[in-house]
Structures are given as C-alpha cells and as structure tokens.
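Undergrad: Just dropping this structure here.
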Amino acid sequence: MEAEATLGKVLVDLGANSYSIQIGAAGIDQLGQELSKLGFGLGCRILVVSQPAVADFYGEQLLKSLNSEGFLAELMLLPSGEDQKTLGSITEIHNKAYQYQLERSSLIVALGGGVIGDMAGFAAATWLRGIAVVQVPTTLLAMVDAAIGGKTGVNHPGGKNLIGAFHQPKLVLIDPNTLRTLPEREVRAGLAEVIKYGVIGDPVLFEALEQHQDLADLDAIGENLLLLILKRSASAKARVVAADEREGNLRAILNYGHTLGHVVETLTGYEKFLHGEAVALGMLAAGELSLQLDLWTASDQERQRSLIERCGLPLQAPRFDNEDVRNCLLRDKKVSAGRVRFVLPNSIGAVEIRNDVPLEMALMALQSISS
C-alpha cells in the first residue's frame, strides 16, 4: 500500500524550541530541502544513525537527498533490538561523531524505529553538550509516539529508559511509504500506541478504529484510516508535549499502559514482547485496575480488550513472581516519594493520574491478565 496524500504539518509549539511534524509520501526524498529551509548550511556534517533492516531500503535514498543539497552526510549502522539500547551503543555513536568531526553546527539524523530514535537523540543531546537531531521514523510506533516529544535515552539493567534526557528534534519527518517494508508484527505493535491516544483523550480516533473489524495489517487498515491515525496521533502528542514539555504533570498521561507494560518488558528481558505489545498488556492491566477502583465500567474494559484483540496484539502476560513485579515498579523512573504513579482510565477518552494505588492492587491487576 502506498500513501499518496500529503497531510502537511503539525506544529509542536514550544516557543523557541518549536518544530514541525511533516507527514506525507516521498518525505525522505525531501529531507535535504527541508533542512536547507531550517537554515542548515552547505557543508554541514550530518551523521545518519540507522540499522541494517532500515538502511537497506532507505539509507541510500536519504543520503542522496542530503548530499544533493550540499550536506556532508555519512551513514552508521547499529544492530537492531531493545537490548541494544545501552550506554555502549551511545559510545559507538559518540566515537563515530568524533571520527566524522561533528561540530556544534552539525546534526544527527535518526532513521528507524523508536530504539534508533531514542539512542540517536540521546547521543545528540550529549555530544558537545547538545547538537541538533532530526527524527525520520520508519515504524508506526515511532511515527505516532516515540519520535515526537524529545524524550531520548537508553535502558539500565534495572529498568527501561532510566538514563536519558529531554532533547527536542528540529524536525520530525514522517513518510508513510516506509511502512510498506515494515513487518506486520511491528505494524500491530504501533497500533497499541494509537489505541492509547484514543483512551487518554481522543474517543473519535478510538471509534474510527472500532469501525474496522480487522486491523492486523496495513491492507486491512487501509490508506484513509492510516492517514487519519498518523495525523490525529501526531496532533494529540503535540498538544500534550506543548502543554507539558518535561512531564511535570499532564504529559504523564502519555504513559498510559507503560508502567505495567515496562514491567512485562523488563521481566522478560526485552526478548518476548515488542514495546507496543507490552504496552497493550499494560493497558489491559491498567483497565483491570480501574475496574477494581470503580473508575470505569466493564463495558469500557471490554471495548478496549476487543480493540486490542482486533489489532492482533497479545491479551495475556506471563505469570511473574510478585516480589519481582513489586521491585520493578518501585524502580520505575516515575516513582515519587516511594509511590508509583499510575495512569488509569475513567472512560474511553479520559484518564486520571493516581499515586495512591496500593501495590497489591496493581499486582492483582497484572495477575488477572496473566497465564
């Protein structure tokens, strides 16, 4: 499937740090021109960070776009996988930045999914105390979530994304055509984040997804719904980030499904589930927690469960030792004064942030979806 329509721009309004999310076909071919418009000059050194499975399809295309505008671009590849999201990988990017003589006027381009985007962004944030980064996401999950908002970082053995920095990109360029080479499982994983946006504040998007009985691949989703997904998700993320850039309060709603989802990822060694799959399980568990607290109805939970199922996402987590889950939760980066912060749904389209939930209830919620 090839997306022909150009949806234009979504602004992330952060004052002096504002940037646009550009959504449209053939976007990769236009990256060089867009960077020229942003003021990057002739001879600017650009390090493109990617992974083999992505670079095989789009690496040369992107380099051609950059070099045709007079930039000096070089491509470096890192192995794929969440287990690569370490300080060791950041050192590799820094070593390449040193070898390629990246200056403060240089920039790093992240070409790939959320893992590449997080690492390239963090490397940019920490090279010469911060150089520019541009995000070119090639997975659905990165397009609708990870590439937007400036969260960068890597994992620590004790938990996910414990090491990182806020570093906003200069541009997010979304080319829907790159999804044509994305494995179906990755597409489904990205839909978990789309469902998240529906639950936390966009019932129209949620209902649009509900109208499709089969959402397990791009052909089933269709071009029109895909473009709606990309624009509404980007707009939702942009609004929240603009209101709360550094997650002081409101932005925490974007963590819906992530607190318990990160437990699933961490305790399975990042090997059994993709990030979006773990988020889907986290949303189911959060929904069960809301049922326990009488925050929403069994009907709402069934609507969420049914949509997750239609997207081909997992419905059951492994059974974990309660003490391991408890320790994992207490090491979450969102813990404050020893209290775990949960984002819990009130209805389809509204959530609340709670830090008074007994951990035993959270353990029971996760057990309720475990096999």
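The values are calculated or read from the model by the stated rules, or taken from the named source; none is laboratory data. In this text the structure is predicted, and so the values were computed from the model without any measurement. Cβ sites come from the backbone with ideal geometry, for glycine too, and all protein chains shown count toward neighbours. For accessibility, only protein heavy atoms count, side chains too; no ligands or nucleic acids. Shrake-Rupley method; radii C 1.70, N 1.55, O 1.52, S 1.80 Å.
Undergrad: For the range 293-315, check the following and say yes or no: at least one residue is touching a Leu at 6+ places or on another chain (Cβ under 8 Å), on the phi > 0 side of the Ramachandran plot and open to solvent by 30 Å² or more (accessible area, probe 1.4 Å).
TA: For the range 293-315, residues touching a Leu at 6+ places or on another chain (Cβ under 8 Å), on the phi > 0 side of the Ramachandran plot and open to solvent by 30 Å² or more (accessible area, probe 1.4 Å): present.
Undergrad: In addition: Could you say whether any residue in the range 330-340 is under 23 Å from the mean Cα position of the chain (by Cα), closer than 27 Å to Gly269 by Cα, at pLDDT 95 or above and of a type in the set (Val, Ile, Thr)?
TA: The answer is no, given that none of the residues of the range 330-340 is under 23 Å from the mean Cα position of the chain (by Cα), closer than 27 Å to Gly269 by Cα, at pLDDT 95 or above and of a type in the set (Val, Ile, Thr).
Undergrad: Would you mind stating whether Val134 is surrounded by fewer than 24 Cβ atoms within 10 Å (Cβ to Cβ), of a type in the set (A, V, I, L, M, F, W, C) and either closer than 22 Å to Asp56 by Cα or in contact with a Ser or Thr (Cβ under 7 Å, 6 or more places away or on another chain) (or both)? Before the answer, list the steps.
TA: Working: surrounded by fewer than 24 Cβ atoms within 10 Å (Cβ to Cβ): no; of a type in the set (A, V, I, L, M, F, W, C): yes; either closer than 22 Å to Asp56 by Cα or in contact with a Ser or Thr (Cβ under 7 Å, 6 or more places away or on another chain) (or both): yes.
No.
Undergrad: What are the pairs, 6+ residues apart or on separate chains, where a residue within the range 274-288 that is in a loop (DSSP other than H, G, I, E, B) has its Cβ under 7 Å from a residue that is surrounded by 24 or more Cβ atoms within 10 Å (Cβ to Cβ)?
TA: Leu274/Ala189
Undergrad: Look through Arg339, Arg326, Arg319, Arg331 and report the one residue that is within 24 Å of Gly164 (Cα to Cα), open to solvent by 10 Å² or more (accessible area, probe 1.4 Å) and touching a residue at least 40 places away in the same chain (Cβ under 8 Å). Talk me through it step by step, then tell me what you get.
TA: Numbers: Arg339 fails: touching a residue at least 40 places away in the same chain (Cβ under 8 Å); Arg326 fails: touching a residue at least 40 places away in the same chain (Cβ under 8 Å); Arg319 fails: within 24 Å of Gly164 (Cα to Cα).
None of the others qualify; the one that does is Arg331.
Undergrad: Could you list, in sequence order, all residues of the range 237-253 that are open to solvent by 10 Å² or more (accessible area, probe 1.4 Å) and hydrophobic (A, V, I, L, M, F, W, C)?
TA: Result: Val240, Ala242, Ala243, Leu250, Ile253.
Undergrad: If you don't mind, another one. Within the range 261-271, is even one residue under 23 Å from Leu182 (Cα atoms), part of a helix (DSSP H, G or I) and in contact with a Phe, Trp or Tyr (Cβ under 9 Å, 6 or more places away or on another chain)?
TA: yes
Undergrad: Can you tell me which residue is nearest to the chain's Cα centre (by Cα) among those in the range 237-256 that are more than 13 Å from Asp332 (Cβ to Cβ) and small (Gly, Ala, Ser)?
TA: Only one residue fits best here, namely Ala238.
Undergrad: I would also like to ask the following. Within the range 103-119, which residues are closer than 15 Å to Arg45 by Cβ and open to solvent by less than 10 Å² (accessible area, probe 1.4 Å)? Talk me through it step by step, then tell me what you get.
TA: At the first step, the residues of the range 103-119 found to be closer than 15 Å to Arg45 by Cβ are 103-109.
Hits for the range 103-119 are Ser106, Leu107, Ile108, Val109.
Undergrad: Just to check your reading of the model, which residue among Leu128, Leu162, Leu182 is open to solvent by 20 Å² or more (accessible area, probe 1.4 Å) and over 17 Å from the mean Cα position of the chain (by Cα)?
TA: Details: Leu162 fails: over 17 Å from the mean Cα position of the chain (by Cα); Leu182 fails: over 17 Å from the mean Cα position of the chain (by Cα).
Unique residue meeting the criteria: Leu128.
Undergrad: Which residue pairs have Cβ atoms under 9 Å apart, sit 6 or more places apart or on different chains, and have a first residue in the range 83-94 that is without any contact (Cβ under 8 Å) to a residue 60 or more places away in the chain and among the aliphatic types (A, V, I, L, M) and a second that is open to solvent by less than 70 Å² (accessible area, probe 1.4 Å) and not in a helix (DSSP H, G or I)?
TA: Close Cβ pairs satisfying both conditions: Ile93/Leu47; Ile93/Val49; Ile93/Met76; Ile93/Leu78; Ile93/Ile108.
Undergrad: Does Leu191 satisfy the condition of being buried (at least 19 other Cβ atoms within 10 Å of the Cβ), modelled with pLDDT of 95 or more and aliphatic (A, V, I, L, M)? First the steps, then the outcome.
TA: Working: buried (at least 19 other Cβ atoms within 10 Å of the Cβ): yes; modelled with pLDDT of 95 or more: yes; aliphatic (A, V, I, L, M): yes.
For Leu191, the condition - buried (at least 19 other Cβ atoms within 10 Å of the Cβ), modelled with pLDDT of 95 or more and aliphatic (A, V, I, L, M) - is met.
Undergrad: Among the numbered criteria (1) out of contact with any Leu (no Cβ under 9 Å at 6 or more places or on another chain); (2) at positive phi, which one does Leu77 miss?
TA: Going through (1) out of contact with any Leu (no Cβ under 9 Å at 6 or more places or on another chain); (2) at positive phi one by one, Leu77 breaks only (2).
Undergrad: Which residues, taken from the range 208-228, are not charged (D, E, K, R) and not in a helix (DSSP H, G or I)?
TA: Result: Gln211, His212, Gln213, Leu215, Ala216, Gly222.
Undergrad: Which count do you get for residues in the range 40-51 that are at pLDDT 95 or above and open to solvent by 60 Å² or more (accessible area, probe 1.4 Å)?
TA: Total satisfying the criteria: 1.
Undergrad: Only one of Ser65, Ser36, Ser20 is more than 28 Å from Arg239 (Cα to Cα), among the small types (Gly, Ala, Ser) and either at pLDDT below 95 or surrounded by 15 or more Cβ atoms within 10 Å (Cβ to Cβ) (or both). Can you tell me which? Steps first, answer last, please.
TA: Values: Ser36 fails: more than 28 Å from Arg239 (Cα to Cα); Ser20 fails: more than 28 Å from Arg239 (Cα to Cα).
Exactly one residue qualifies, and that residue is Ser65.
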